[in-house]
Amino acid sequence: MNRTERLTVALDERRYDILVGEDLVAQAGRHLRPLAEGRRVMIVSDETVAGLHLGALERALADARIDARAFVVPAGEASKDFATLQHLCERLLEAGIDRGTLLLAFGGGVVGDLTGFAAAILLRGIDFVQVPTTLLAQVDSSVGGKTGIDTPQGKNLVGAFHQPRLVLADTGILASLPRREMLAGYAEVVKYGLLGDAGFFHWLEGHGHSLVEGEPNALRHAVLTACRAKAAVVAADERETGQRALLNLGHTFAHALEAECGYGDDLLHGEAVAIGMTLAFELSAQLGLCPAEDADRVRRHLAAVDLPTGFERLGGRAWSAGRLIEHMRRDKKASGGQPAFVLARRIGEAFVSRDVAEADLVSLLTEAIAQTAPPLDLAGA
Ligand code: NAD
């Protein structure tokens, strides 16, 4: 069944719709027409997505007589930098954009964050639309208005809140996504179950495999459930002064792991989040806050779909609990050097804590790191 579902992010005069369906790129002209009427559209994409799908998007816009032009940046996290932002802004200005121009971010979280930030600062703010093409971007980064770039000092340290005018999440486009990227996005899907929806986590335990294989009904249900959850959180707490922080489940650990691994292909963000969520539940169990069976269930499910849950898949690095904790202290969510953690009382019930003692972190991380050591070769000794 190929139907389009509509959700709304209820932000008063900045409210916008999220459409979820299987064929939305082909129908983009129809859905964008009311917004794009009489305006120029500038598409921003990356080389990989443009090579695979830009033709289809351009045809759909041309069929609806929408005047569009495309700007393509290199694929990958390295494009979320000042140099690419400057280049993009200058090309858009040269092309004669005005306050009525609509930017259209056509790609994963990298293109979405970069384009959204360009839209936030060009001419002091112009409209943009998200057409996310990765699972991670469909369930997380395209909704909520966080935009920005990375600097040598860390990820996402320069940016702005700037909400899109519309999000078109075409689940059919995920068919071309490499499996590893699909799994990385799946970690963020699992996050919504773990932080506030035990029933959804239970459903994922039954359907996770078919979802990562791209089964259309499972994908639609998961993208819709995740977007509904994110829309509700963003509507209640747009600027992350309260409950939006729950969306960072696993992220304090994940950011420290990513900082150690260098934000490259060694460890994708979603993979780091999978390890981080496992550690967050283990920490919760270690502190006596959450049943140990729940922490086991989290680890078992993530491992069952082939996501990493510990340090063992991260190559031959010499991990140090102290260095990881240093990264956590410098995390932008830390306050006065005290990192914030999202902990859990059980699956589906998360809360934010700033009171985790360093000794508890050291013992958790030391044990997790020790489990990665190769077994002693006693037979050969
Ligand atoms: P990405 O944008 O780099 O995409 C991953 C890879 O998949 C890229 O090589 C891309 O070219 C390719 N790709 C994209 N769509 C494809 C498709 N349909 N078929 C084939 N290949 C495709 O990475 P991502 O995981 O989408 O996003 C990660 C970024 O999102 C990070 O920079 C992270 O900081 C950011 N993020 C932002 C928010 C937010 O709220 N703004 C939330 C989470 C993550």
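The values are calculated or read from the model by the stated rules, or taken from the named source; none is laboratory data. None of the values given here were measured: they were computed from a predicted structure. No Cβ is skipped: glycine too gets one built from the backbone with ideal geometry, and neighbour counts run over all protein chains shown. Side chains are part of the model used for accessible areas, which takes the heavy atoms of the whole protein and leaves out ligands, DNA and RNA. Shrake-Rupley method; radii C 1.70, N 1.55, O 1.52, S 1.80 Å.
Summary of computed values
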item	result
GluC sites (Glu not before Pro) within the range 162-213: DSSP coil, no more than 15 neighbouring Cβ in 10 Å	Glu213
Solvent accessible area, Å² - Arg179, 1.4 Å probe, full protein context	110 Å²
Helix 251-261 axis, angle to the chain major axis (alpha carbon atoms, nearest 10°)	90 degrees
Computed FRET value (nearest 0.05) for Leu289 with Ala56, which takes r as the C-beta separation and R₀ as 41 Å	0.25
Distant-in-sequence amide H partners of Gly154 (H built 1.01 Å from N, under 5 Å)	none
Loop-located GluC sites (Glu not before Pro) in the range 1-82 whose Cβ has at most 11 other Cβ within 10 Å (DSSP)	Glu37
Top positive-direction residue, dipole computed over the range 5-176 with Cβ charges, set Val143, Phe117, Ile66	Ile66
Backbone HN-Hα couplings from phi across the range 287-299 [Karplus 6.51/-1.76/1.60, Hz, Gly and Pro as x]	7, x, 8, 9, x, 4, 4, 5, 4, 5, 4, 4, 4
Net dipole in debye of the chain [+1 Lys, Arg Cβ; -1 Asp, Glu Cβ; about Cα centre; nearest 20]	960 debye
Rounded to 10°, Cα long-axis angle of helix 321-330 versus longest principal axis of the chain	40 degrees
Within the chain, helix-based [θ] at 222 nm, where runs of 4 or more DSSP H residues each add -39,500 (n - 2.57), nearest 500	-13500 deg cm²/dmol
Proximal lysines to Lys80, defined as alpha-carbon separation beneath 16 angstrom and excluding residues fewer than eight positions away on the same chain	Lys146, Lys155
Cβ-based net charge around Gly336, under 10 Å, with every Lys or Arg adding one and every Asp or Glu removing one	+2
R0 of 25 Å, Cβ-Cβ distance Ala236-Glu5: FRET efficiency to nearest 0.05	0.75
Portion, in percent, of the accessible area of the chain that falls on carbon or sulfur, probe 1.4 Å	51 percent
Net charge of neighbours whose Cβ lies under 12 Å from the Cβ of Ala26, counting Lys and Arg as +1 and Asp and Glu as -1	-3
The chain - share of DSSP beta bridges that are antiparallel (%, nearest 5)	40 percent
Cα long-axis angle, helix 269-286 against the chain (0 to 90 degrees, to the nearest 10)	40 degrees
Vicinal HN-Hα couplings computed from phi for the range 55-66 (Karplus, 6.51 cos²θ - 1.76 cosθ + 1.60; Hz; Gly/Pro x)	x, 5, 5, 4, 5, 5, 6, 4, 4, 8, 6, 9
